[in-house]
């Protein structure tokens, strides 16, 4: 589950970058807003999926309050989901190690 959430987070980050680095410069530098609506829509849907996935996939994964806050805030900043990915990867590895010890 945590790996799936990481993929969702990375996709959300890519859509953020597409909006900020492609669609918005195209609109403001070249007066061509053609990509704002579709890229913005994709990013909005990706953000909602990220928040929904966070609420359904992360409980019980040992994140703690700061981990939750960090993961939630990561979606509000460009590059945030990319910077948070190593943390999620460490949590994923710790969960996998714990599961192998139990079995």
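Readers should treat all values here as calculations from the given coordinates under stated rules, not as data from a laboratory. Just so it is clear, the structure is predicted and the values come from calculations on it, not from any experiment. Cβ atoms come from the backbone with ideal geometry, glycine included; neighbour counts cover every protein chain shown.
Computed values, structure above
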item	result
Using alpha-carbon coordinates, inclination of helix 80-102 to the longest axis of the chain, degrees	20
Helix 64-74 vs. the chain, principal-axis angle (Cα, 0 to 90°, nearest 10)	20
The chain: angle of helix 2-18 to the longest principal axis, Cα-based, in degrees nearest 10	20
Computed label-point distance, nm, for sites residue 85 and residue 22 using a 7 Å Cα→Cβ extension	1.7
Entry for Kirkwood radius over Cα pairs in Å (calculated from the structure that is shown) out of (i) 14.7; (ii) 13.6; (iii) 14.0	(i)
Relative contact order (%) - criterion: Cα under 8 Å, at least six apart; region: region 2-102	39
Segment residue 77-residue 48, length gained on full extension (0.36 nm per residue, minus Cα span)	8.9 nm
Extension gain (nm, one decimal) between residue 68 and residue 97, 0.36 nm per residue minus Cα-Cα	8.3 nm
Mean Cβ neighbour count within 10 Å, used as a protection proxy, ranking 29-38, 71-80, 53-62, 13-22 highest first	13-22, 71-80, 53-62, 29-38
